[in-house]
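Below is one structure; the comments refer to it alone.
The values are calculated or read from the model by the stated rules, or taken from the named source; none is laboratory data. All of these numbers come straight from a predicted model, not from anything done at the bench. Glycine also receives a Cβ, built like all others from the backbone with ideal geometry; neighbour counts cover every protein chain displayed.
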Amino acid sequence: MDPVHAVKGMNDLFPADVARWQQIEAMFRQVVGLAGYGEIRVPIVEHTPLYVRSVGEGTDIVDKEMYSFAFHDEAMTIRPEGTAGVVRAFVEHKMYSSEPLARYAYLGPMFRGERPARGRYRQFHQAGCEAFGDGGPGIDAEMIAMLVDYLKAVGAEGITVAINSIGDRGAKARYRDALVAYLEPHKSKLSSDSQRRLTTNPLRILDSKNPDDQALVQDAPSVFDVLDDADRAHFEQLEAMLRAMHVPFECEPRLVRGLDYYTRTLFEVRCSNAELGAQTAIAGGGRYDHLVEELGGPDTPAIGFAIGLERLLIATRAPQDAKPFRVFIAPLGARAIEYALTLAQSLRAAGIATIADTRGGSMKSMLRRADSLQSKVAIVLGDRELDARVAQVKDLANHSQSEVALDDLVIKVTELAKVGQGE
Ligand code: HAM
């Protein structure tokens with residue numbers, strides 16, 4: 001264990017990366033904010049039983065991937081996903097009485113001990129939305145369309161939407177039985193993981209990555225054989241609404257998702273960008289109509305989704321930003337450094353990004369640094385300039401230089417900034 005190596009599957013982000021993160025996060029808040037989703041912030045650590053009861057025993061997340069620990073005899077888990085915590089908050093604060101149609105959005109890190117690969121990390125970030133109190137297909141369609149609009153707005157290309165219904169509790173149980181009845185005679189051909197899942201969580205066998213399991217699953221019964229009339233009507237209305245909103249989608253009867261709380265609508269957005277390799281799912285979600293009640297609240301239907309932000313960033317190219325206008329102050333000598341500090345304060349107060357080279361150093365090294373920081377203007381001052389109450393202002397883009405009175409510096413640089421920003 002090397003203390004100066006990051007934990008496997010967890011990444012550092014430096015300012016150049018963070019700038020792009022901030023763009024996609026701001027765009028997310030804007031797009032979902034326009035549809036009525038307000039940001040909620042819940043703790044990163046919850047009691048372990050919350051995830052066991054919601055995400056479910058027999059899921060990969062709960063069985064193998066959770067960062068769990070005991071703290072003073074209490075079992076805690078660092079969140080592997082966002083929905084359970086948001087539902088817990090909704091129930092705990094009885095938000096259903098004041099906000100029966102609550103809509104929440106969240107952004108933040110999630111933790112799963114998966115095998116790291118490109119696009120699959122142990123600390124990753126999600127942006128998600130959860131809508132409570134609406135059981136009809138309208139909100140399903142609106143949410144999927146909003147998600148697609150957002151992904152397109154940030155530049156994701158080649159995206160496809162897969163939808164399915166897993167039915168309400170009755171159909172889900174019937175499907176489970178049908179699947180077990182079909183797979184049981186082939187049990188010996190299943191992978192050892194799937195043999196175990198046959199008793200713990202048979203639906204999970206449908207998204208096994210094992211080729212033998214996949215071959216068997218090809219002819220497994222379809223969930224559409226067991227849906228009841230209300231499930232079927234919900235799904236058909238969702239399809240009709242998506243068509244009306246011009247959202248292309250594919251119906252995938254074997255789509256199941258790795259969390260147990262889902263009922264009825266399930267969806268996944270994939271991106272064909274080759275950079276993603278095998279991790280093509282950039283977002284996923286679905287209905288969880290019974291989770292609020294299971295966690296102690298009133299019967300409240302709900303639906304949500306989460307986007308994997310690392311995957312989204314891999315799949316999109318950042319627009320080329322115009323470099324921001326930046327001033328560099330190169331002071332020669334202790335007196336000039338002191339002046340540079342107050343000058344930098346005045347320039348920043350005028351809204352101009354300013355770096356003062358407080359190391360001092362040679363003029364050559366300071367100008368090299370101004371260049372490497374892509375500064376537009378360098379202000380050079382030494383004792384001679386301070387005595388004469390002037391400074392040399394170098395326009396680094398045009399390679400021109402002028403002498404400016406100290407008292408006029410802020411005005412002069414503000415003018416240069418306006419020209420630089422094309423105003
Ligand atoms: P999920 O499908 O487990 O759903 O995760 C959503 C997205 O998070 C995935 O589509 C993927 O882009 C990203 N993701 C998941 N695991 C990783 C990982 N190890 N590394 C990088 N990205 C990852 C949920 O988490 C549900 N809570 C979504 C939801 C909200 N359903 C209803 N409401």
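At-a-glance table
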| quantity | calculated |
| --- | --- |
| Strands (runs of 3 or more DSSP E) wholly inside the stretch 48-120 containing at least 2 residues that are crowded, with 17+ Cβ neighbours inside 10 Å, within 12 Å of the ligand (Cβ to nearest atom) and not polar (S, T, N, Q) | 103-111 |
| Some residue of the stretch 173-182 being away from the ligand (no atom under 12 Å from the Cβ) and in contact with a strand residue (DSSP E or B) (Cβ under 9 Å, 6 or more places away or on another chain) | no |
| Among (1) more than 15 Å from the ligand (Cβ to nearest atom); (2) in contact (Cβ under 8 Å) with a residue 60 or more places away in the chain; (3) loosely packed, with under 11 Cβ neighbours inside 10 Å, the one test that Arg29 misses | (3) |
| Counted residues, the stretch 345-363 - those being over 12 Å from Val380 (Cα atoms) and either under 36 Å from the mean Cα position of the chain (by Cα) or not in a helix (DSSP H, G or I) (or both) | 13 |
| Per-region count, the stretch 121-157, residues in a helix (DSSP H, G or I), under 15 Å from Leu34 (Cα atoms) and among the small types (Gly, Ala, Ser) | 2 |
| Test: Ala315 is crowded, with 23+ Cβ neighbours inside 10 Å and either within 30 Å of Ile163 (Cα to Cα) or modelled with pLDDT of 95 or more (or both) | yes |
| Pick from the stretch 368-423, criterion of a type in the set (S, T, N, Q) and assigned to a helix (DSSP H, G or I), ranking: farthest from Ala334 (Cα to Cα) | Thr414 |
| Verdict on Val256 being in a loop (DSSP other than H, G, I, E, B), more than 16 Å from the ligand (Cβ to nearest atom) and either among the charged types (D, E, K, R) or touching a residue at least 24 places away in the same chain (Cβ under 8 Å) (or both) | no |
| Single residue of Asp225, Asp231 found to be over 25 Å from the mean Cα position of the chain (by Cα), under 16 Å from Lys172 (Cβ atoms), surrounded by 17 or more Cβ atoms within 10 Å (Cβ to Cβ) and away from the ligand (no atom under 16 Å from the Cβ) | Asp231 |
| Residue match in the stretch 326-339 (condition: among the basic types (Lys, Arg) and either more than 16 Å from the ligand (Cβ to nearest atom) or modelled with pLDDT under 95 (or both)) | yes |
| Restricting the stretch 121-145 to residues that are of a type in the set (D, E, K, R) and buried (at least 21 other Cβ atoms within 10 Å of the Cβ), the residue that is farthest from the ligand (Cβ to nearest atom) | Asp140 |
| Residues satisfying the stated conditions in the stretch 1-26, i.e. over 21 Å from Ala306 (Cβ atoms), β-branched (Val, Ile, Thr) and without any contact (Cβ under 8 Å) to a residue 40 or more places away in the chain | Val4 |
| Every pair of residues 6+ apart whose Cβ atoms lie under 9 Å, when the first sits in the stretch 266-289 and is free of Cβ contacts under 8 Å to residues at least 40 places away in the same chain while the second is within 8 Å of the ligand (Cβ to nearest atom) and of a type in the set (Asp, Glu) | Ala281/Glu268; Gly284/Glu268 |
| Residue in the stretch 33-55 that is over 19 Å from Val91 (Cβ atoms), hydrophobic (A, V, I, L, M, F, W, C) and at pLDDT 95 or above present | yes |
